[in-house]
Structure formats: C-alpha cells, structure tokens
Amino acid sequence: MDRLPTVLCIGGHDPTGGAGLQADIETLAAHRVRAFTLVTCLTAQDTRNVQAIWSTPIDAFRHQARALLGDVRPDAIKIGLLGSREIAVAAAEIAAGLDAPMVLDPVLAAGGGAQLSDTPLIDALRAGLLPQARLVLPNRAELFRLAAADEETAAAREVLARGAAAVLVTGADAAAGSGDDQVSNTLYTANMPPREWNWPRLPGVYHGSGCTLASACAAALACGTPLEQAVDAAQRFTLRALEQAEAVGAAQRLPTRLK
Ligand code: PLP
C-alpha cells in the first residue's frame, strides 16, 4: 500500500480522552493507521463515571457519513458507543455500504456504572450490526445482554449464529470482582475450537481498555493481518497501554497508548 491504512471509527466523544473516539485515534496512530471519525454522541464524564450523553441528531449523523464516504473508502470499520437506536440503524446501513471488515465493541454500560444503552438500541445492534461483524468484543456482562443464554459458550455461539464471524469475550469485568489474578479472554469462531488467552490482572481500575482493544484489532485488520493474529497483537498492545496508564483524575486510570 502506498498510503497509510485507514479505519472508519463510529463512536462517541469522551472529554477525558480515555475512551471513545480519542482512544480510537490514539490507538490507530500508534499503529500508523489513519482514523476517519463519525461522532455518534457527546458525553459529559470524568474519570469516575459518565454523567450525561447527547446523541448526534440523526440528520447530522447521516450528513457526516454522506460527506465523508462520498469521498473516502476505509480499509476497516470500528464501531463503539452508538447512543441511540436511530444511530445504530444508520451505522448498520453505513457498514452494509462498505466492503471492509467491521469490528464491533458493543458498549452498553460505562465502567463507572452508567447505562449507555436501552432495549431499542440493543435490539437494533443485534439485528443490524451483529450479522455484519467480522469481530465482536463484548465483556461478559455485555455478552449476556446480547444473548439469551446465561452460560458463556452458549451465549457466544448465539452471537455467532446471528452472523458475527468471531466473538472475543473479554474477562476484565468478571475478574475485577472475583479476586482472580488473571484476566481471561476467549475467542469463539464458527469453525475453530475456542482460543483462550490469560493475562495478569493489573492493579487498579482503567477507563477505555475496551476501546483500545477493539481499535487495535481494527488497526491490524486494516493492515491485512489475519484475525487470530490481530486479536493476539491487539491484546499485547492493550496490556502495554494499561501497564503505562496514568492517574490523570480522581478515579479510573487512563491508558497511555502513545509512548
Ligand atoms: N464514553 C465513551 C464515549 C465510550 O466510548 C465508552 C466506552 O467505549 C465509555 C465512555 C465507557 O468506557 P469504560 O467502560 O472504559 O469506562
């Protein structure tokens, strides 16, 4: 390729820069991948929690997309916080119009506890986005909101049955309350046995680890890296960003992706 690979990031703005589009841009820059961005929502938040969320008016969101995609073609797509059912539906239409692998981070709640989704949004995500995803990265709590099954393997199989090509179930949320000293992430695909990774659980609480991991996967896919290798490299990148995290505010530490 005679230019940088590109990823279209569809997500929200987090003023702390720990999560959301800033996390995506930093992660992609660290991989020498260019970010295109469509803003789904603004948020008011600090390192403790999300306080408020304002969806981009749907006409403005569609106008952003029309202008951008009338001109450029991304090599991969990364979808994060959507903010409303209408935006989820529009994001599904955008993905369907592009011939590029899509990484879906189904952001349903903030690490600080705030709800970032409702039933209509989750239904739209299930119907329109899961079937198109090359990779979905739910944590365990998100997995059990996306699927009816209440056991991990069955729930992951349900997501695959909806058409997603692969599911990486991340375990940081489960490890946090359990006293485990390991975080276990498992990749499920239709044809291969599940593959599990175990990582040391770092002390402290982090904001934006999921955005970092999903964007790092999208960066690798945009570069043409095969899926399992992309997922492996993205986890290593995320661990390094968390090891270097800084306590910028009062609560959750922010990953350092550009160091
Ligand atoms: N705000 C935005 C814009 C996000 O995209 C996300 C997660 O993707 C969050 C907040 C919550 O991040 P975390 O769960 O890491 O606290």
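Odds and ends about this structure:
Conditions tested, residue by residue: (1) farther than 19 Å from Gly224 by Cα; (2) part of a strand (DSSP E or B).
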| residue | (1), (2) |
| --- | --- |
| Leu8 | no, yes |
| Gly18 | yes, no |
| Ala29 | no, no |
| Thr40 | yes, yes |
| Thr43 | yes, yes |
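- Residue tally, condition under 20 Å from Val248 (Cα atoms) and surrounded by fewer than 24 Cβ atoms within 10 Å (Cβ to Cβ), over the stretch 191-215: 5
- Any hit, the stretch 105-117, residues being modelled with pLDDT of 95 or more and over 24 Å from Gln45 (Cα atoms): no
- Helices (runs of 4 or more DSSP H) lying entirely in the stretch 150-255 (those with 2 or more residues that are closer than 23 Å to Ala23 by Cα and at pLDDT 95 or above): 209-222, 227-243
- Unmet criterion (only one of (1) within 18 Å of the chain's Cα centre (by Cα); (2) surrounded by fewer than 17 Cβ atoms within 10 Å (Cβ to Cβ)) for Ala218: (2)
- Odd one out for Glu152, checked against (1) surrounded by fewer than 21 Cβ atoms within 10 Å (Cβ to Cβ); (2) touching a residue at least 12 places away in the same chain (Cβ under 8 Å); (3) more than 23 Å from Val183 (Cα to Cα); (4) not aromatic (Phe, Trp, Tyr): (3)
- Among all positions in the stretch 246-254, there is no residue which is buried (at least 24 other Cβ atoms within 10 Å of the Cβ) and among the small types (Gly, Ala, Ser).
- Candidate set: the stretch 1-51, residues that are open to solvent by less than 20 Å² (accessible area, probe 1.4 Å) and of a type in the set (D, E, K, R); chosen: the one farthest from the ligand (Cβ to nearest atom): Asp24
- Every pair of residues 6+ apart whose Cβ atoms lie under 6 Å, when the first sits in the stretch 114-126 and is within 15 Å of the ligand (Cβ to nearest atom) and of a type in the set (A, V, I, L, M) while the second is open to solvent by less than 20 Å² (accessible area, probe 1.4 Å) and assigned to a helix (DSSP H, G or I): Leu121/Ala88; Leu125/Ala88
- Odd one out for Glu158, checked against (1) within 27 Å of Asp99 (Cβ to Cβ); (2) surrounded by fewer than 23 Cβ atoms within 10 Å (Cβ to Cβ); (3) within 16 Å of the ligand (Cβ to nearest atom): (3)
- Residue selection: Ile87 fails the criterion of being surrounded by 15 or more Cβ atoms within 10 Å (Cβ to Cβ), aliphatic (A, V, I, L, M) and within 18 Å of Ser215 (Cα to Cα).
- Cβ-Cβ under 8 Å pairs, at least 6 apart or on other chains, the stretch 196-208 side touching a residue at least 12 places away in the same chain (Cβ under 8 Å) and within 16 Å of the ligand (Cβ to nearest atom), far side part of a strand (DSSP E or B) and open to solvent by 40 Å² or more (accessible area, probe 1.4 Å): Arg201/Gln182; Gly204/Arg253; Val205/Arg253; Tyr206/Arg253; His207/Arg253
The values are calculated or read from the model by the stated rules, or taken from the named source; none is laboratory data. Small disclaimer: the values here were computed from a predicted structure and weren't measured. With ideal geometry, Cβ positions are generated from the backbone for all residues, glycine too; neighbour counts draw on all protein chains shown. Side chains included, ligands, DNA and RNA excluded: accessible areas come from the protein's heavy atoms. Shrake-Rupley method; radii C 1.70, N 1.55, O 1.52, S 1.80 Å.
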